[in-house]
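The structure is given below, and queries will be raised subsequently.
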Amino acid sequence: MRTPGKRERSEKTEEVPSTGGTIASSSDLKAGDRVVYPKQGVYRVTGLEQKDIAGQRLEFVRMSREEDGASVLVPLGKVATIGLRRVASADDIEGVFHYLGATYGDPELDWKVRHRDNVERLIAGGVLGVAEVVKGLHSLSRLRPLPAKERELYDSSRHLLVNEISVSLGVPDVIAEDYVDYALMPPAGVKLPLKTPPTPVELKGPPWKRKKPVAAEEEDDLGLADLGIDLGALEGVGVGATDSEESEEGESEGEKPSEEAAEEAAVPAKPVAPVKAAAAVKTAAPAKKIAPAKAPPAPRKAEPVKKPEGAKKATAPAKKAAPPPKKAAPAKKVAPPAKKAAPPPKKGAPAKKPVKPAKGKKK
Amino acid sequence: MIRIVTLASFDPGDITFLSKTLYRSFGVGTEHAGERPLPRKAEQDDGRFDALALLDDAPPVRAYADDKVLYLCDVDLANPEGPLGEPPAWGYAIQGGERALVSTFRFKPRGVTEASIEIYRRRLARESIHFLGHLWDLHHCYDARCAMHPSWSPALPDDPEFELDAFCRDKSERRIRLAKT
Ligand SMILES: [Zn+2]
Ligand SMILES: [Zn+2]
């Protein structure tokens with residue numbers, strides 16, 4: 001069995017092939033589409049919007065995060081560069097489990113390299129990249145407790161992975177997380193029916209050549225500065241706006257600088273901090289201004305790896321949409337005993353309804 | 001407030017121990033809301049109970065915003081089959097939601113000795129903290145000494161610790177604070 005873990009890096013730097021399911025153009029998006037915004041979660045496209053800003057008419061895609069209703073506007077021209085991708089298909093997810101269940105090679109011990117790689121995996125590695133981060137940090141945690149910052153990254157990556165599995169398979173989050181850990185640490189006496197795991201997307205360039213961490217280039221820049229747009233004037237575009245709110249909630253906290261100052265470089269600000277549901281009502285978020293002198297960000301993507309024969313689709317074709325949840329039986333909605341005062345549907349995502357296993361199907 | 005609803009007969013001493021432990025873990029008041037009948041609708045042909053359906057059909061209790069309801073039962077629970085098999089079901093919860101379920105079915109028998117009852121109570125506390133933890137958005141934890149470590153993990157000793165580790169405790173405290181505001 002192939003062992004994931006440390007991987008050889010490609011020295012090629014020119015090619016920028018797309019990773020699995022990446023949405024290459026805004027024309028691939030329509031209302032109702034479910035997409036994954038790297039490091040942010042699963043969103044549903046609600047529609048296209050036009051806004052007049054500084055005398056220019058601009059088009060945006062509005063998306064709403066499924067888990068909490070957080071709303072975000074992405075300029076059409078930026079759709080291709082922020083790494084938006086389709087929700088993983090059931091086949092992709094199956095590959096994830098075979099990957100999680102496989103034995104792991106030696107974890108990367110240099111924390112700077114490790115952190116940079118992990119951030120890159122989250123942005124450009126597709127769902128398997130997220131699984132790589134979880135499995136890598138999980139393996140490391142068996143050697144020693146993770147430092148605070150990586151403990152946060154472990155938790156936020158786990159959150160992203162669980163959420164995407166839940167959406168893709170149509171099972172509740174808690175069940176999706178059980179599936180993840182069943183693969184990572186099967187109960188005593190259980191032998192997992194593992195197949196050859198898919199090969200993760202190869203990271204680009206050796207660490208010593210990557211002077212500037214890839215994540216730093218993503219930053220929280222939607223390129224609006226290139227358009228001469230003051231984000232502060234733009235309602236609903238929550239660029240870097242809710243960082244403090246997010247941190248308060250403990251989400252996406254792998255991104256907060258801590259111990260070593262050098263680490264900061266590897267830590268991206270949120271590409272777009274989603275406006276929380278409550279705030280989304282008026283969709284006004286105080287937005288951070290982008291330095292006008294800043295060069296336009298170059299989209300960097302990881303290179304795909306040659307798939308081993310018979311391997312599952314580590315990289316799905318860009319156009320391939322996620323199939324409807326495989327197991328989405330018409331599930332009953334759990335009626336909470338008490339209605340929350342807050343209106344946003346915290347956990348009411350359509351595909352996250354509990355699945356009813358067929359009666360008597362179980363052993 | 002955490003409201004405990006028993007779907008089987010439980011020893012009052014066990015519930016008292018649980019209430020105290022939950023208060024210590026989450027800083028949230030706990031009360032026993034009483035015993036209710038087990039919803040038989042969730043029973044499968046194989047005699048096990050569909051964990052998701054059981055929580056779904058569990059009798060509602062009066063609760064207020066931000067209250068959490070913990071159902072305790074003693075039946076064999078079933079999880080939906082996953083891509084690599086069916087993870088053992090010790091309970092179920094709705095991540096970030098209001099209702100959680102714990103079954104004592106997989107516990108070591110309660111027995112009659114002080115030592116065996118103590119182990120049973122500690123396990124009841126651990127699993128309750130685990131599934132309530134999911135209600136406050138906690139994920140699983142790699143630390144086998146933390147209650148958020150998966151209940152079936154081979155790293156868990158027979159009588160595992162029943163507290164949250166520092167990371168999970170901090171996170172749950174933040175969530176609970178946030179829910180209050
Ligand atoms: Zn759990
Ligand atoms: Zn923990």
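The values are calculated or read from the model by the stated rules, or taken from the named source; none is laboratory data. Bear in mind the structure is a predicted one, so any value in this text is a computation, not a measurement. For neighbour counting, all protein chains shown are included, and Cβ atoms are generated from backbone atoms with ideal geometry for every residue, glycine included.
Among the residues of region A:25-52, what is the count of those that are among the small types (G, A, S), modelled with pLDDT under 90 and surrounded by 13 or more Cβ atoms within 10 Å (Cβ to Cβ)?
The number of residues fulfilling the criteria is 1.
Starting from residues that are out of contact with any helix residue (DSSP H, G or I) (no Cβ under 8 Å at 6 or more places or on another chain) and more than 11 Å from chain A (Cβ to nearest Cβ), keep the ones in region B:23-37 and report whichever is farthest from B:S9 (Cα to Cα).
The qualifying residue farthest from B:S9 (Cα to Cα) is B:R24.
For region B:33-55, give me each residue that is assigned to a helix (DSSP H, G or I) and over 15 Å from the mean Cα position of the chain (by Cα).
Selection gives B:R40, B:K41, B:A42, B:A53.
Considering only region B:115-136, how many residues are among the basic types (K, R) and either surrounded by 22 or more Cβ atoms within 10 Å (Cβ to Cβ) or within 12 Å of ligand 1 (Cβ to nearest atom) (or both)?
Count: 2.
Let me ask another. Given the options A:P200, A:P193, name the one that is part of a loop (DSSP other than H, G, I, E, B), more than 16 Å from ligand 1 (Cβ to nearest atom), at pLDDT 50 or above and farther than 30 Å from B:A89 by Cβ.
A:P200
Among the listed residues B:T21, B:T104, B:T30, B:T6, identify the single one that is polar (S, T, N, Q), under 19 Å from B:Y120 (Cα atoms), modelled with pLDDT of 95 or more and over 12 Å from the mean Cα position of the chain (by Cα).
The match here is B:T21.
From the residues in region B:56-66 that are in a loop (DSSP other than H, G, I, E, B) and surrounded by 19 or more Cβ atoms within 10 Å (Cβ to Cβ), which one is farthest from the other protein chains (Cβ to nearest Cβ)?
B:A58
Mind checking whether some residue in region B:140-159 is at pLDDT below 95, in contact with a Cys (Cβ under 8 Å, 6 or more places away or on another chain) and of a type in the set (D, E)?
No, that holds for no residue.
Considering only residues that are within 7 Å of chain B (Cβ to nearest Cβ) and part of a helix (DSSP H, G or I), which ones fall in region A:169-190?
A:D173, A:V174, A:I175, A:E177, A:D178, A:Y179, A:D181, A:Y182, A:A183
Would you mind telling me which numbered condition in (1) out of contact with any helix residue (DSSP H, G or I) (no Cβ under 9 Å at 6 or more places or on another chain); (2) over 18 Å from B:I94 (Cα atoms); (3) at the interface with chain B (Cβ under 10 Å from one of its Cβ atoms) A:R144 fails?
Here A:R144 meets the rest and fails (3).
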